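Worksheet for the structure shown next.
The values are calculated or read from the model by the stated rules, or taken from the named source; none is laboratory data. A quick note: this is a predicted structure, and the numbers were derived from the prediction, not measured. Ideal geometry is used to build each Cβ from the backbone, glycine not excepted, and the neighbour counts take in all protein chains shown.
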Amino acid sequence: MNTLDYGLSPELVASLQNHKPLCWFNPAYPGNLPDDAPTSDDVKAAEIRLHSSSGLLSALFPELGENGCITSPLKPVPQLQKRLAGSGTWLLKADHALPVAGSIKARGGFHEVLAYAQSLASDAGICRENDLSVLKSAEARALFSQHAIAVGSTGNLGLAIGVIAAALGFRTVVHMSTDAKEWKKERLRRRGVEVIEHAGDYGAAVDAGRATADADPHCHFVDDENSRLLFLGYAAAARELAAQLAELNRPVDADHPLFVYLPCGVGGAPGGITFGLKAIFGAHVHCFFAEPTASPCMLLRLAAGRRLPVYEIGLDNRTEADGLAVGDASPLVAPLMAAQLSGVFTVTDDDLFRGVAALADTESIAVEPSAAAALPGPEWICNSSAGREYLVRHGLMNRLDDATHVLWSTGGSLVPANEYDRFLARGHSLLSSAKQ
C-alpha cells in the first residue's frame with residue numbers, strides 16, 4: 001500500500017514510520033458532534049452515580065476515609081514549568097495518585113461496575129434509585145456472586161475493574177496480553193481476580209475476553225473500545241477539575257484559555273474527559289492527546305478519517321508505555337474527538353523516561369512512564385511553528401501569559417519500588433547523556 005492509499009500526506013506517513021515526534025493539529029476542529037453523541041444528561045447521571053457511591057466506597061475501602069470519593073489533587077508544578085521554560089500557569093492533575101486503583105482508570109472502571117451492580121440489584125428489587133449503600137449488603141453480595149465481570153486490559157483498567165468488582169463480590173476475570181506488566185497481573189491475582197493471558201497485543205486480549213463473555217449470559221464484559229458507561233465515568237472528571245480550577249482562582253474564558261494534555265491509549269479516558277470539559281468550557285478549552293510514536297492510533301484514525309490500525313503503516317505498537325500500547329482507536333470515541341479534539345502529539349519512550357525523571361527531580365512526584373506523556377504538550381503548542389499557527393487561528397497568541405496548562409498524569413502510585421527505580425535510573429541516564 002502506498003502513502004496515497006492511507007489518505008494521509010506522504011510527509012506525515014514518513015514521520016510516523018520513522019518514529020519522529022510530531023504534533024498533528026485537527027483540521028476538522030471545531031466540528032459538530034454526531035447525532036448519537038452522549039448528552040449532558042448522560043454525564044450528569046454519571047456524576048450523580050459516582051457521588052452517590054461515596055458511602056459504599058468508604059465501607060469497601062477504608063483507606064478512602066469517610067468521604068469515600070475517588071478524586072485526585074490539582075497541583076501547581078512551578079519547578080517543572082521552570083525547567084521546561086513554559087509560559088502561563090502549569091498544573092498537574094494527579095490521577096496517578098487516585099486512591100485504591102492508582103490510575104485514571106478508576107474513574108471509568110468504577111463507574112461501569114457500579115452501574116452494572118446497581119442495575120442487577122434494581123432488577124432484583126433490592127436497590128432504590130441512587131441508593132447505592134445496599135450494594136454492600138449480604139443480599140446484594142449473594143446476587144453478585146452469581147455473576148461475572150470480565151475486561152480486556154493492558155493493566156490499569158484491569159486493576160480498576162478487578163478491585164471494585166471483587167470487592168462487591170463478583171467473579172472477576174481480566175484478559176491481558178502476555179507482555180503486560182507482571183506486577184499488575186500479580187496484584188490482580190492477590191485480589192482474587194482470575195488473570196488470563198493471551199498471545200498478541202491489547203486488541204487480541206480484548207477480542208478474546210469479549211468472545212468468552214458473549215458465551216456466558218451471566219458475564220458482563222467491560223468493553224474498553226465501545227463502552228459508554230466507561231466514557232461517561234471519565235467525563236464526570238471534568239466537573240471535578242472545573243471546581244478545582246475555581247478554588248485556585250484560575251478562570252477559563254476568552255482571556256484565560258485552558259489547555260489540557262492527556263495521555264491516550266484506546267481513547268476512552270482522554271476522550272471522556274475532553275467531552276466533559278468541552279461541555280463546561282466550550283471553545284475556551286483546548287485538548288490534546290499524547291501518544292507513543294509506536295502507537296499513534298487516535299492520530300491515524302482522525303487524520304485518515306477511517307479505521308487505520310498502526311500496523312497498516314508498518315508500526316509495531318511496542319512501547320514501554322503499556323497503558324498506551326494500543327494499535328487501533330476506539331470506534332466509539334473517535335467520531336466524538338473528530339469534532340472536539342484540537343490535536344495529537346507523539347512521544348518516544350526516551351521522552352517518557354526523561355519525563356519521569358523530570359517530575360521526580362523538580363516536584364518529587366513519582367509516575368509511571370505512560371503518565372509522563374503529557375509533559376511535552378505545552379512546548380508543542382506554544383513554541384512549534386504549527387502550534388503558533390493554531391494559536392493565531394484561534395486568537396490565542398496574546399493570551400498565553402494568562403493561560404492555564406493542565407498536564408494529566410494517569411498512573412503510577414501503585415508501581416513497585418524496584419520498577420519505579422528502574423524507570424528513574426533510565427530517565428536520569430538519558431538526561432545525563434543529553435547534557436554531554
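What tally of residues in region 5-34 results from selecting those that are of a type outside the set (Phe, Trp, Tyr), modelled with pLDDT of 95 or more and in a loop (DSSP other than H, G, I, E, B)?
Qualifying residue count for the region: 13.
Does region 375-408 hold any residues that are in contact (Cβ under 8 Å) with a residue 24 or more places away in the chain and hydrophobic (A, V, I, L, M, F, W, C), and which are they?
Correct list: Leu375, Trp380, Ile381, Cys382, Ala386, Leu396, Leu400, Ala403, Val406, Leu407, Trp408.
Yes or no: region 393-402 includes at least one residue that is at pLDDT 95 or above and touching a Leu at 6+ places or on another chain (Cβ under 7 Å).
Step one: of region 393-402, the residues at pLDDT 95 or above are 393-402.
The next check asks that each one be touching a Leu at 6+ places or on another chain (Cβ under 7 Å); those that pass are 397.
Taking every residue of region 393-402 in turn, at least one turns out to be at pLDDT 95 or above and touching a Leu at 6+ places or on another chain (Cβ under 7 Å).
Picking from Leu74, Leu114, which residue would you name as being modelled with pLDDT of 95 or more, surrounded by fewer than 23 Cβ atoms within 10 Å (Cβ to Cβ) and of a type outside the set (Phe, Trp, Tyr)?
Unique residue meeting the criteria: Leu74.
Of a type in the set (Val, Ile, Thr) and in contact with a Cys (Cβ under 8 Å, 6 or more places away or on another chain): which single residue out of Val260, Val252, Val285 fits that description?
Val260
For region 398-419, does any single residue satisfy the condition of being crowded, with 20+ Cβ neighbours inside 10 Å, over 19 Å from Lys93 (Cα atoms) and touching a helix residue (DSSP H, G or I) at 6+ places or on another chain (Cβ under 7 Å)?
No, region 398-419 contains no residue that is crowded, with 20+ Cβ neighbours inside 10 Å, over 19 Å from Lys93 (Cα atoms) and touching a helix residue (DSSP H, G or I) at 6+ places or on another chain (Cβ under 7 Å).
Just to verify a result, which residue in region 35-49, among those that are assigned to a helix (DSSP H, G or I), hydrophobic (A, V, I, L, M, F, W, C) and out of contact with any His (no Cβ under 7 Å at 6 or more places or on another chain), is surrounded by the most Cβ atoms within 10 Å (Cβ to Cβ)?
Within region 35-49, the first condition is being assigned to a helix (DSSP H, G or I), and the residues that meet it are 40-49.
Keeping just the survivors that are hydrophobic (A, V, I, L, M, F, W, C) gives 43, 45-46, 48.
Now restrict to residues that are out of contact with any His (no Cβ under 7 Å at 6 or more places or on another chain): 43, 45, 48.
Working: Val43: 23, Ala45: 16, Ile48: 13.
Only one residue fits best here, namely Val43.
Taking the condition of being free of Cβ contacts under 8 Å to residues at least 12 places away in the same chain and either in contact with an Asp or Glu (Cβ under 7 Å, 6 or more places away or on another chain) or farther than 30 Å from Tyr116 by Cβ (or both), how many residues in region 15-59 meet it?
Matching residues across region 15-59 total 4.
Here are Leu114, Leu80: which of them is assigned to a helix (DSSP H, G or I), out of contact with any strand residue (DSSP E or B) (no Cβ under 9 Å at 6 or more places or on another chain) and not hydroxyl-bearing (Ser, Thr, Tyr)?
Leu114
Being in a helix (DSSP H, G or I) and touching a Ser or Thr at 6+ places or on another chain (Cβ under 7 Å) is the filter; apply it to region 391-419 and report the residue that is farthest from Phe288 (Cα to Cα).
Asp401
Of the conditions (1) crowded, with 17+ Cβ neighbours inside 10 Å; (2) touching a Ser or Thr at 6+ places or on another chain (Cβ under 9 Å); (3) not basic (Lys, Arg), Phe423 fails just one. Which one is it?
It is condition (2) that Phe423 fails.
Please enumerate the residues belonging to region 123-136 that are exposed (fewer than 14 other Cβ atoms within 10 Å of the Cβ) and assigned to a helix (DSSP H, G or I).
Result: Asp123, single match.
Scan region 95-111 residue by residue and report those that are assigned to a helix (DSSP H, G or I) and either of a type in the set (Val, Ile, Thr) or touching a Ser or Thr at 6+ places or on another chain (Cβ under 6 Å) (or both).
Hits for region 95-111 are Asp95, His96, Ala97.
Filtering region 239-274 down to residues that are surrounded by fewer than 23 Cβ atoms within 10 Å (Cβ to Cβ) and among the small types (Gly, Ala, Ser), which residue is farthest from Ala106 (Cα to Cα)?
If we take residues in region 239-274 being surrounded by fewer than 23 Cβ atoms within 10 Å (Cβ to Cβ) and among the small types (Gly, Ala, Ser), then Ala254 is farthest from Ala106 (Cα to Cα).
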